[in-house]
1. In this structure, is ARG327 part of a helix (DSSP H, G or I), in contact (Cβ under 8 Å) with a residue 24 or more places away in the chain and either of a type in the set (Ser, Thr, Tyr) or under 27 Å from LEU109 (Cβ atoms) (or both)?
2. Name, by its number, the condition in (1) touching a Lys or Arg at 6+ places or on another chain (Cβ under 8 Å); (2) without any contact (Cβ under 8 Å) to a residue 24 or more places away in the chain; (3) not charged (D, E, K, R) that does not hold for ILE312.
3. Quick one: is ASP199 under 16 Å from the mean Cα position of the chain (by Cα), of a type in the set (D, E, K, R) and modelled with pLDDT of 95 or more?
4. Taking the condition of being within 13 Å of ARG196 (Cβ to Cβ) and in contact with a Cys (Cβ under 9 Å, 6 or more places away or on another chain), how many residues in the stretch 164-183 meet it?
5. Looking at HIS274, HIS265 in this structure, which one is under 22 Å from the mean Cα position of the chain (by Cα) and assigned to a helix (DSSP H, G or I)?
6. When you look at HIS265, is it closer than 18 Å to TRP226 by Cα, surrounded by fewer than 22 Cβ atoms within 10 Å (Cβ to Cβ) and of a type outside the set (A, V, I, L, M), yes or no?
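The values are calculated or read from the model by the stated rules, or taken from the named source; none is laboratory data. Quantities reported herein were computed from a predicted structural model and do not represent experimental measurements. So basically every Cβ, Gly included, is an ideal-geometry build from the backbone, and we count neighbours across all protein chains shown.
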Amino acid sequence: MGTATQPSAQPSGHFRLDPATHELLMSGPPPKPLEVKGEPLTLPEPVFPQYPSKCGDVDPPAKYLPKPGNPYRSRYSWQAVSRALRGWLIPYLRSITLPGEFHPIIAYLFTEYKCNIDCHYCWAFDNRVKGMTEDTARRAIDWLHGTGCRVLALMGGEVLLRPQFVHKVVYYAAKKGFWVYIPTNGRLMRPEVIDRLADAGAAVFNLAVDVFEERPELPKALKPIWPYFQYLIKKQYVYDYAVFFNINITRINLEDVKQLTEIAHDHGIATDYHINESPMTDQPHFKHREGNSTFITPEDWPRVDELIDWLIARQREGYKMVNSVRRLEQMKQFMRGQLQEWDCRAGQNSLVIRVDGTLCPCFPLYSATYDWGRVEEPKFDPAQLQQMKRVCQRYCYSTLNHNLAYCYKPSRALKWVLRQAARGFQGTTGAFQD
């Protein structure tokens, strides 16, 4: 089958990692899930609404709205800026000053692994996996808080499958000072759900869309959720959260990527781009392994190159993008299997908490059976991570982990914060490497 990269050591075509590393990570017994201690813990019932005047179809304050000639919001409140600095800057400073390697800045909490749609490129799609329990969620948040971590990215699957549960998670995490990030395909993003999560303290909504009109291989489409999208955009000026599009570049949506980019720009929100990846490790449950129409082949490289050049040109015109120009350029290398080591910080400053409470360094290794520990009992070994990353970095394109690696030089992070402050913290780019 065609894949996003064509590493030389890929005997089966069903995974990208080299066979020796794959065997090391996948041959052991599954790690032991988090066990309940005594009476299972629960999450507190959220108070709703905390801000009654913000709920429903209300007009946003004019001071936050875009100004004439500029589609992007005028500014964020100092409360929102303070929340972001507490979430990102303070844990970052902590991590570079304290001894040891394990200082999480961001944690990906997989509350769900199930999904309500079936994107053909998504090898994580497995609806047999049960969602996270309240006991695991609460203990995970409490443990992360003790480590100094203050950024919590909820992950799936589709996070909004259980809206009452995710409302509890967001409320509890936000009350403990976490900057909370919510990704969704938008199908379940009803206005009342938006209000509840925003009222609870969500900082960012990441709307994953790949096409405008839905198609069988790519059901993450904007048109079916257009009314929800309009409500989400309007209410960002009321609750002071941020919104951006998360777009996966495949061989069959290149024109849609351009269209979605223009829609995002017209609505004053940022975009984040990924380039389609085949599984890093073998996924026997993945039913679209053979003949997948979304995976990029060498014949597609010139067209993808043209799209990347178009995106770079738009960024230089002032379009808000999470990806830096340098990182967009590196998509071309990654697509050709030529990405070099980039000092990945997974398992050190970022980590994944699976639905059963076990840990792994990053999303591509979610299915690995290597034992990195569980909530309250991490077993990340710097030597093992370093050895593994010498190999796996060449097969991985991760914007967040790459930004963590790049900004781990303090002068770079400080320069970015000062640049954002000078601009009044307008918009959200995240691109450290401009």
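1. yes
2. ILE312 satisfies all of (1) touching a Lys or Arg at 6+ places or on another chain (Cβ under 8 Å); (2) without any contact (Cβ under 8 Å) to a residue 24 or more places away in the chain; (3) not charged (D, E, K, R) except (1).
3. So ASP199 fails the test.
4. Final tally of qualifying residues: 0.
5. That would be HIS265, the only listed residue that is under 22 Å from the mean Cα position of the chain (by Cα) and assigned to a helix (DSSP H, G or I).
6. Yes: the conditions hold for HIS265.
Listed here are the residues, each with its yes/no results for (1) farther than 18 Å from ARG190 by Cα; (2) under 21 Å from the mean Cα position of the chain (by Cα).
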{"position": "PHE229", "(1), (2)": "no, yes"}
{"position": "TYR241", "(1), (2)": "no, yes"}
{"position": "ASN246", "(1), (2)": "yes, yes"}
{"position": "ARG251", "(1), (2)": "yes, no"}
{"position": "PRO279", "(1), (2)": "yes, yes"}
{"position": "HIS288", "(1), (2)": "yes, no"}
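Let's see how each residue does on (1) hydrophobic (A, V, I, L, M, F, W, C); (2) modelled with pLDDT under 95; (3) at positive phi:
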| site | (1), (2), (3) |
| --- | --- |
| ILE233 | yes, no, no |
| ASN292 | no, yes, no |
| PRO302 | no, no, no |
| ILE308 | yes, no, no |
| ARG336 | no, yes, no |
